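The values are calculated or read from the model by the stated rules, or taken from the named source; none is laboratory data. Since the model is a prediction, treat every value here as computed from it, not as a measurement. Cβ placement follows ideal geometry from the backbone for every residue including glycine, while neighbour counts extend to all protein chains displayed. Please note that ligands, DNA and RNA were not included when accessible areas were found on the heavy atoms of the full protein model with its side chains. Shrake-Rupley method; radii C 1.70, N 1.55, O 1.52, S 1.80 Å.
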2 protein chains.
Amino acid sequence: MTYDLWYWDGIPGRGEFVRLALEAAGIAYRDRAREPGGDEALARDMKARDVHPPFAPPYLVTSEGMTIGQTANILLFLGERHGLAPQDPAGRLWVHQIQLTIADLVAEAHDVHHPIANSLYYEDQKKEAARRARHFREERIPKFMGWFERILVHEGLWLAGGDRWTYADLSLFQLIDGLRFAFPRRMATLAGQYPKVMRLHERVAALPELQAYLNSDRRLPYGDGIFRHYPELDAA
Amino acid sequence: MTYDLWYWDGIPGRGEFVRLALEAAGIAYRDRAREPGGDEALARDMKARDVHPPFAPPYLVTSEGMTIGQTANILLFLGERHGLAPQDPAGRLWVHQIQLTIADLVAEAHDVHHPIANSLYYEDQKKEAARRARHFREERIPKFMGWFERILVHEGLWLAGGDRWTYADLSLFQLIDGLRFAFPRRMATLAGQYPKVMRLHERVAALPELQAYLNSDRRLPYGDGIFRHYPELDAA
C-alpha cells in the first residue's frame, strides 16, 4: 500500500503536516508534485478528479482510489488507519480538535503577510501586513500558545497524554518551528512563558523516527511559503 | 440523551452550523449560553474545563461528559452518532472535507470586515476591509462557489449524492444564506452562474424538519456576527 501525496513543490506549506505524519510512522508514499514535471502533473490531476475533487492541495490518493483533501482530514484518516491517534471516540476527536485549532493559527500566520489578498504580492500589502503583524504577535500567538501550554499542564508530555506522540504533536512541532522561523524575536521573548510547548517542539525534533527525514532534502526550507521571515513584521 | 451546546448569545456565528444539524435531526439540546445569565456561565464553564478544554466556542458537552470543540469536529461527531453523513470511510471523510472547506470560507468572510485584528472595531480597519472585500467578492466567492457547483454537477441534489441531506448540505445552506445577507448585490450577480448551489440553498430552506426552527426565535438574525452587511463592502 503506497499513498500518493499531492502538494506544490518548493515550500513545506500545509503539505508538511502530512509529510511529518507519513515519515514519522514510516508509511510509504510518493510525493507526486516533487517528481519531474510535477507542477503540471498536479494541475492536470486536480482538473481530472471528478469524484471528490479537492478544493486545493494537499490531498492524498489511496491505493483503493480514495481522494482525501484538507490537511486535518488527511491526518484524521492516517491517524485512524495507522494508529497515529487514540482509538477511543473521545481521544480521537480530541486530537482532531487540536489539529483544527493548529490549522486556524496556520491560516492566521499566512494572512499576516497577506492580509488583503493571496493574489497580490506581499509588497502590495506591506502596510496592512505591518498592522496585522503587531496584533498577531501580541494577541494571537500568546492566546494559542497559552492554550497548548494549558493542555500540556494537564496531559503531560504529549497533547493527548500517554507516552507516545500523535499526529497533532507532530503538527504542533511544525507550527512552532514555522513561527520561530517567521518571528524569531517574538518567539524568543515568549519561549520562557510556554516551557512545555517548547519542550514538546524539542522532543519531536529529536524523535529517532524523524531523524532521517529531517536531515534529508525531502525536508524543504520555509522560503516564500506560509511561514515567511520578513524582519519588519517581527519584534520582541 | 441531551447535549449542552455552548456558544455566545446574540449572533448565529459558528454555533449556527451545529444548531442546524441538531434541529434538522430532531436531537435534544440545551443552548446553554442563551439561558438567563448565559454569558457569565459560558465564561465560567470555559475556564473550568481542564479536560479537553475548547479553544473557543462553539463546543458541545455530551451526557457521558465528552467535551468537543471546533465546529467541524462537532459535526463529525454528530454525523457519526446520529447518521447525518454516510457511514462508509470514503463518504464520511468526503462530507468532512466539504465541511472544512466551508469553514475556510466562513473564516475568510469574517476577515473581510476584520482584516487587521478581531480586537479592533470595524471602523478602525475600514480602509483595509474595503481592499480585502474587492478580492473576496471577485476571486474568493467565485472560486468556492465553482467548487460547490462542480460537486453538485457530479453528485446530484446533495453534496454527498443520494437522496438525503448530510450536515455539510445544512452548512452550505447557512454559508450561502450568510453571504446573501452580507453581499446581496454580489450574490445576486453570481446566482445565475451557480444554479445547483442556489437550488440546494432553497431545498434546505424548505426542509419540513427545519420549518419549526427557521420560524422560531431560536434562529437568530445575523447582526454583528461573522456575516455582516456593510453596503460599502458589497458591489455587483
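With respect to (1) surrounded by fewer than 18 Cβ atoms within 10 Å (Cβ to Cβ); (2) away from chain B (no Cβ under 13 Å); (3) within 19 Å of the chain's Cα centre (by Cα), the lone exception for A:A33 is condition (1).
Annotation: of all residues in the range A:1-30 being without any contact (Cβ under 8 Å) to a residue 60 or more places away in the chain and among the aliphatic types (A, V, I, L, M), the one that is surrounded by the fewest Cβ atoms within 10 Å (Cβ to Cβ) is A:A28. Taking the range A:67-94 as the range and being surrounded by fewer than 19 Cβ atoms within 10 Å (Cβ to Cβ), outside any helix (DSSP H, G or I) and within 11 Å of chain B (Cβ to nearest Cβ) as the test, only A:D88 passes.
Total residues in the range B:38-54 satisfying the condition of being of a type outside the set (A, V, I, L, M), away from chain A (no Cβ under 14 Å) and open to solvent by 40 Å² or more (accessible area, probe 1.4 Å): the figure is 3. Might you let me know whether the range A:55-64 holds any residue that is assigned to a helix (DSSP H, G or I) and either charged (D, E, K, R) or in contact with a helix residue (DSSP H, G or I) (Cβ under 9 Å, 6 or more places away or on another chain) (or both)? For the range A:55-64, residues assigned to a helix (DSSP H, G or I) and either charged (D, E, K, R) or in contact with a helix residue (DSSP H, G or I) (Cβ under 9 Å, 6 or more places away or on another chain) (or both): absent. Taken across the range B:175-183, residues that are at pLDDT 95 or above, surrounded by fewer than 17 Cβ atoms within 10 Å (Cβ to Cβ) and more than 15 Å from the chain's Cα centre (by Cα) do not occur at all.
Looking at the range A:192-209, which of the residues that are farther than 13 Å from A:L172 by Cβ and part of a helix (DSSP H, G or I) is nearest to the chain's Cα centre (by Cα)? Taking the candidates together, the pick is A:E209. Suppose the filter is more than 24 Å from A:P208 (Cα to Cα), without any contact (Cβ under 8 Å) to a residue 40 or more places away in the chain and not in a loop (DSSP other than H, G, I, E, B); does A:E40 pass it? So A:E40 passes the test. The set of residues from the range A:119-128 being surrounded by fewer than 19 Cβ atoms within 10 Å (Cβ to Cβ) and either away from every other protein chain (no Cβ under 11 Å) or in contact with an Asp or Glu (Cβ under 8 Å, 6 or more places away or on another chain) (or both) comprises A:S119, A:Y121, A:Y122, A:E123, A:K126.
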